[in-house]
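Below is one structure; the comments refer to it alone.
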Amino acid sequence: MNPRLKICGIRRIQDVEYLNAYMPDYAGFILSKPFWRYIDPGQMKILHETLNSGIRRVGVFVNPDLKEIRNYAEFLDVIQLHGEESREFVRLVRENCPDLEIWKAVRVRNPEEIHKADLFPVDKLVLDSFSENSHGGTGTVAPWDVIIRNRPEKEFFLAGGISQENIAEAVEKVNPYGIDVSSSVETDRCKDGSKIQKIIGILQNRSDTNAG
């Protein structure tokens with residue numbers, strides 16, 4: 001079975017139109033400042049209303065407070081926490097947003113970080129690459145070998161530097177629940193419809209080959 005596909009960093013109507021045309025499983029929206037892909041609640045409302053209802057909305061937050069999450073919750077299916085949030089904060093979010101899934105992102109450097117995140121009271125994990133200067137979206141490949149040897153019990157998305165050149169290998173070697181892409185489907189910092197089409201095509205061709 002092919003992994004789910006999440007395309008993150010959606011911020012323009014044209015981005016949404018690409019997603020409506022090619023139908024990935026999830027659309028990710030950066031909802032914390034000061035990241036350059038950040039969108040405010042007014043923009044989020046417009047994109048939410050334009051996006052096909054069959055694509056699930058993931059709000060990506062970095063060390064937010066509850067008010068910040070509440071400003072967007074009505075537009076979301078999933079809350080992705082991508083900072084240094086505690087288990088206690090996750091429980092608080094769960095109490096306040098009981099109808100939404102919660103994912104926890106981990107910038108993987110060693111097995112202990114994966115094991116620690118696996119204990120969080122969340123629905124899924126996002127295993128990403130580590131950077132000293134950014135919480136994500138760097139295009140750097142995550143340490144697949146560490147993830148393969150220390151698979152979490154929870155379902156997880158594999159993020160970090162996945163592109164049309166290595167997505168088939170990532171699926172084959174790591175076998176994640178889902179794949180998370182952002183900068184690899186952009187040209188000049190804007191989502192590129194042809195790159196989105198190609199990466200989805202690779203997954204579909206892989207599925208057809210396996211079925212045959």
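The numbers here are math on the coordinates, done by the rules we state, and not lab data. Given the structure is predicted, the values throughout are model-derived calculations rather than measurements.
Compared with the direct C-alpha span, the chain from residue 71 to residue 187 gains 38.7 nm at full extension, assuming 0.36 nm per residue. Taking each DSSP H run with n ≥ 4 as -39500 (n - 2.57) and averaging over every residue of the chain yields -10500 deg cm²/dmol at 222 nm. The 3J(HN,Hα) values that the Karplus relation (6.51, -1.76, 1.60; θ = phi - 60°) gives for the range 95-101 are, in residue order, 5, 8, 10, x, 8, 9, 5 Hz. Gly and Pro appear as x. Between residue 84 and residue 109, full extension at 0.36 nm per residue minus the direct alpha carbon distance yields a gain of 7.6 nm.
Global dimensions of the chain from alpha-carbon coordinates: Rg and Dmax equal 16.1, 50 Å.
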